[in-house]
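Taken together, the values in this text are just the output of simple stated rules run on the coordinates, not laboratory data. As the structure is a prediction and not an experimental result, all values here were calculated from the model.
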Amino acid sequence: MMDWIAEVTFLFKLNKQTTFLAMEIVDAYLLALQTQIPRRTLSDQDVHLIGVVSMFVAAKYEEIYPPDSKTVAGKVAHGAFS
C-alpha cells in the first residue's frame, strides 16, 4: 500500500509532504484497528479504500490545489468506489 501511495502521489505531482502524511494516516488507522477487540480482518478492497481516503485527506491538508473527489474516485481509485 505504501508503494502504491508513493507512486500515485508522484504521478499526480503532489508534494512529498502529502505522501508522508498519507502514509502516517494509514499507519494511525491500522494501529487503531489493531487495538479493537475482536480484531477485524481487512479485505484487499478495505486496504485500497483506506489508502485512497488517506491520500485524499492528506492532499486536502498539504496541497494548494488538491484533486477533487471525482478525480480521486475515477482516476486514483479506478472507479472502485463512489
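Give the lysines whose C-alpha is closer than 16 Å to that of K16, dropping any in the same chain fewer than 8 places away, or say none.
Partners within reach: K60.
Relative contact order of the chain: what whole-number percent is it, with Cα pairs under 8 angstrom and at least 6 residues apart?
Relative CO of the chain lands at 33 percent.
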